[in-house]
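Structure, as structure tokens:
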Amino acid sequence: MRVLVVDDEQLARERLIRLVDALDSHRVCAEASNGEEALAAVHQAEPDIVLMDIRMPGMDGMTAAEQIASLKTPPAIIFCTAYDEYAISAFKVQASDYLLKPVRKEALEKALNKAGKLNKVQLNDAQPTNSNSEQPVSLVAKTWKGSELIDLTHIYYFVADQKYVTVHHQNGETVIDNTLKELEAGYAPRFLRTHRNSLVNTDYIEALIRDNAGHYIVRLKNSIGEIPVSRRHTSDVKAWLASQS
């Protein structure tokens, strides 16, 4: 995979280049020190992935990413920044990941491999077709490491346990500081409340069933699991299922 490294600090660029070059499946094809240079490099070098800083003189990384995302076949964008307050803006430009500096080798390798699963055509096809351009496609997860982006289509469900919420997704589990109330308000109607402590991705709902004790349970597709449904939310789940038939 061809990687473009964008950072206004030369030492930061050199460090990222060394980290990328240490990976067998990726190589740096170009580098840039600001947004304008990044746009030119995208057209000239045709990278598969862009490692993008945000705060840079001239055109910043977010502005450059917006223009890159509008291309017919855009490369994947991974933000590498010292600041976590831009994570909410990152999903608007379809960022593949959001890494906080200093970028760790393991985190970078994971992000690059994740971005590499979609080629440039697939990334373009993955752009939301909803007429609402603000519809989020990623969860801005607040973790102990800072802000992290998790593709909404990869999330099965959320479960709250005391003060924390756990995201169950294709790559495992992630404990986040977001509340279920925030998640329900920000990512509806994709996620449906089934219990006071759980939200389920409707993409994975297969059926509403009753167990031997007479309690309702949502069965998820692909044998992912079963989520309890409270009496209070049973009618909501039934109404959603009826809307799909």
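The values are calculated or read from the model by the stated rules, or taken from the named source; none is laboratory data. Only a predicted model underlies this, so the values are computations on that prediction, with no experimental measurement involved. Using ideal geometry, Cβ is built from the backbone for each residue, glycine included, and neighbour counts are taken over all protein chains shown. Note: areas computed on protein heavy atoms with side chains; ligands, DNA, RNA excluded. Shrake-Rupley method; radii C 1.70, N 1.55, O 1.52, S 1.80 Å.
Looking at region 193-208, which of the residues that are of a type in the set (A, V, I, L, M, F, W, C) and surrounded by 14 or more Cβ atoms within 10 Å (Cβ to Cβ) is nearest to THR179 (Cα to Cα)?
Pass one, region 193-208, residues of a type in the set (A, V, I, L, M, F, W, C): 199-200, 205, 207-208.
Restricting the remaining residues to those that are surrounded by 14 or more Cβ atoms within 10 Å (Cβ to Cβ) gives 199-200, 205, 208.
Numbers: LEU199: 11, VAL200: 14, ILE205: 22, LEU208: 25 Å.
Looking at residues that are of a type in the set (A, V, I, L, M, F, W, C) and surrounded by 14 or more Cβ atoms within 10 Å (Cβ to Cβ), I get LEU199.
Regarding region 85-98, can at least one residue be identified that is assigned to a strand (DSSP E or B) and at pLDDT below 90? Yes, the conditions are met somewhere in region 85-98.
Could you list, in sequence order, all residues of region 209-239 that are of a type in the set (A, V, I, L, M, F, W, C) and open to solvent by 50 Å² or more (accessible area, probe 1.4 Å)? Passing the criteria: ALA213, ALA239. Screening ALA213 against (1) part of a helix (DSSP H, G or I); (2) more than 30 Å from the chain's Cα centre (by Cα) leaves a single unmet condition, (1).
Say we look at region 182-192 and pick out the residues that are in contact with a Ser or Thr (Cβ under 9 Å, 6 or more places away or on another chain) and either charged (D, E, K, R) or at pLDDT below 90 (or both); which of these is most open to solvent (accessible area, probe 1.4 Å)? I'd like the intermediate steps shown before the answer.
Narrowing region 182-192 to residues in contact with a Ser or Thr (Cβ under 9 Å, 6 or more places away or on another chain): 189-192.
The next check asks that each one be either charged (D, E, K, R) or at pLDDT below 90 (or both); those that pass are 189-190.
On the way: PRO189: 105, ARG190: 61 Å².
My answer is PRO189.
As for region 223-241, it holds at least one residue that is among the charged types (D, E, K, R) and either in contact with a strand residue (DSSP E or B) (Cβ under 6 Å, 6 or more places away or on another chain) or modelled with pLDDT of 95 or more (or both).
Counting just the residues of region 42-62 that are under 22 Å from the mean Cα position of the chain (by Cα) and not hydrophobic (A, V, I, L, M, F, W, C), which one comes out surrounded by the fewest Cβ atoms within 10 Å (Cβ to Cβ)? Going through the qualifying residues, I end up with ARG55.
Of the residues GLU134, GLU173, GLU148, only one is surrounded by fewer than 14 Cβ atoms within 10 Å (Cβ to Cβ), modelled with pLDDT under 90 and either within 17 Å of SER96 (Cα to Cα) or more than 12 Å from the chain's Cα centre (by Cα) (or both); which?
Details: GLU173 fails: modelled with pLDDT under 90; GLU148 fails: surrounded by fewer than 14 Cβ atoms within 10 Å (Cβ to Cβ).
Checking each option against the conditions leaves just GLU134.
Checking the structure you have, find out if any residue of region 153-169 is in a helix (DSSP H, G or I) and over 18 Å from the mean Cα position of the chain (by Cα). Outline the logic, then answer.
Within region 153-169, the first condition is being in a helix (DSSP H, G or I), and the residues that meet it are 153-154.
So of that shortlist, the ones also over 18 Å from the mean Cα position of the chain (by Cα) come out as none.
No, there is no match, as no residue in region 153-169 is in a helix (DSSP H, G or I) and over 18 Å from the mean Cα position of the chain (by Cα).
Could you look through region 63-84, keep only residues that are open to solvent by 20 Å² or more (accessible area, probe 1.4 Å) and within 20 Å of LEU16 (Cα to Cα), and pick out the one that is modelled with the lowest pLDDT? Restricting to residues being open to solvent by 20 Å² or more (accessible area, probe 1.4 Å) and within 20 Å of LEU16 (Cα to Cα), the top hit is ASP84.
Just one of the listed residues (LEU199, LEU241, LEU149, LEU183) is of a type outside the set (Val, Ile, Thr), out of contact with any His (no Cβ under 8 Å at 6 or more places or on another chain) and within 23 Å of CYS80 (Cα to Cα), namely LEU149. Of THR153, THR179, all but one fail to be open to solvent by 40 Å² or more (accessible area, probe 1.4 Å), more than 16 Å from GLY225 (Cβ to Cβ) and touching a residue at least 40 places away in the same chain (Cβ under 8 Å); the exception is THR153. Just one residue in the set ALA40, ALA30 is of a type in the set (Gly, Ala, Ser) and assigned to a helix (DSSP H, G or I); that residue is ALA40.
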